[in-house]
Amino acid sequence: MSGAQHSNICQDVAVKLMLKHPFFSEVYYSMKVIEDESVQTAATDGVCMWVSPSRWAKERFAWRTTSVVHECLHKIFHHPTRRGDRDPLIWNLACDQSVNSFLIDNKFEIEKEDFYRPEWHGWLPDSVYKALLEEVKKPPPKGKGDKPGE
């Protein structure tokens, strides 16, 4: 262990990673793990991993494992440090798409609410980011309600 401080919240997942996925175990143990209710599920800046204790407590073990590996992949792929001046929300979605493609390819379970588009499977986050920006720029399709009184 690298000396990073860890909350006990992920201890069951840490054991599984050591036994089944030692590479991810090394990455996990290189980060400080912090319990934080202000995050929706989990987050990382590549140095720390924040985990929501209330969400963690109600989720299945497979979900928790995938969540830890998901955050480890953000660190591995240098997503937090590669953002630059890009929009943080769109960059995060682009990185999630890339990570979730990797998770699917490696037989981890992702959830329905996780950001994933099959048509962008395997794309680098830079390409997904450009595609998402194009979607944001497109005007909404014309239809009912476009004219006053409709």
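The values are calculated or read from the model by the stated rules, or taken from the named source; none is laboratory data. What you see is a predicted model; the values in this text were computed from it and never measured. Neighbour counts are summed over all protein chains in view; Cβ atoms, including those assigned to glycine, are modelled from backbone coordinates with ideal geometry. Surface accessibility is based on the protein's heavy atoms, side chains included, excluding ligands, DNA and RNA. Shrake-Rupley method; radii C 1.70, N 1.55, O 1.52, S 1.80 Å.
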*Name every residue in the range 47-83 that is crowded, with 19+ Cβ neighbours inside 10 Å and closer than 14 Å to Pro125 by Cβ, in order of residue number.*
His70, Leu73, His74, Lys75, His79
*Kindly list, by first and then second residue, each pair from a residue in the range 112-136 that is more than 15 Å from Phe102 (Cβ to Cβ) to a residue that is of a type outside the set (Gly, Ala, Ser) and part of a helix (DSSP H, G or I), limited to pairs with Cβ atoms under 7 Å and residues at least 6 apart or on different chains.*
Tyr129/Ile90; Tyr129/Trp91; Ala131/Trp120; Leu132/Ile90; Leu132/Leu93; Leu133/Ile90
*Please go through the range 33-45 and pick out each residue that is surrounded by 17 or more Cβ atoms within 10 Å (Cβ to Cβ) and farther than 18 Å from Leu89 by Cβ.*
Val33
*Residues in the range 53-65: is at least one touching a Phe, Trp or Tyr at 6+ places or on another chain (Cβ under 6 Å), among the aliphatic types (A, V, I, L, M) and farther than 26 Å from Val128 by Cβ?*
no
*Looking at the range 115-133, which of the residues that are part of a helix (DSSP H, G or I) and among the aromatic types (Phe, Trp, Tyr) is nearest to Ala42 (Cα to Cα)?*
Tyr129
_Ser38 being modelled with pLDDT of 95 or more, polar (S, T, N, Q), in a loop (DSSP other than H, G, I, E, B) and under 30 Å from Ala131 (Cα atoms)_ = yes
_Residue ID - least open to solvent (accessible area, probe 1.4 Å), chosen from residues in the range 98-114 that are assigned to a helix (DSSP H, G or I) and of a type in the set (Val, Ile, Thr)_ = Val99
